[in-house]
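Since the structure comes first, as structure tokens, the remarks are kept for the end.
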Amino acid sequence: MQRKTKLVLAGVLVAGLGLSLGACNNDDDDERPLVQSVEVDLGERNDSGYQGQAVLASAGDGRTTIVMALRGGTDDRGAGLPVRVQRGTCDGVAGDIVHELDDVQGGFLIDTFDAPLEELVDGDFVVIAYQSGSQSVYLACGEIED
């Protein structure tokens, strides 16, 4: 499949998750609606050249789905790059790894993991892409915020 087609597919997936889940509200009477999806901008770290975007969406039953597109770097595809959800911020040193996700393949990642989206948004969590084989070199990082 050509690169342009992959980018269009990733865009459709990201937009679809945001549109289909973003409008849902909590049926309770409290004022704050349940968080159904959030967008995360992944900024370059350590002069890697990598940057991207992710959408995290509630998958129900305490699970979250992430759709991520990463571009730049040395091969412009981000093949085989580990991705983790960690405590902390991108400006400081990130803390403990809380969720190990699938690797970025061909510049894209789609994965579902055990964590309520509301918990990720309410805490200090980041999405980090690492250099393959080294969890000490951050290539891109984005903070999960509402």
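Those residues that are within 15 Å of residue 99 (Cα to Cα) and either out of contact with any Ser or Thr (no Cβ under 7 Å at 6 or more places or on another chain) or not in a strand (DSSP E or B) (or both), I need them from segment 125-146; list them, please. Within segment 125-146, 125, 127, 128, 129, 130, 135, 141, 142, 144 meet the criteria. Here the condition is being modelled with pLDDT under 90 and either hydrophobic (A, V, I, L, M, F, W, C) or exposed (fewer than 13 other Cβ atoms within 10 Å of the Cβ) (or both); of 123, 95, 106, it holds for 123 alone. Among the residues of segment 50-65, at least one is of a type outside the set (D, E, K, R), outside any strand (DSSP E or B), in contact (Cβ under 8 Å) with a residue 60 or more places away in the chain and surrounded by 14 or more Cβ atoms within 10 Å (Cβ to Cβ).
The values are calculated or read from the model by the stated rules, or taken from the named source; none is laboratory data. Keep in mind that this is a model prediction, so the values were computed, not measured. All Cβ positions, glycine included, derive from the backbone under ideal geometry; neighbour counts span all protein chains shown.
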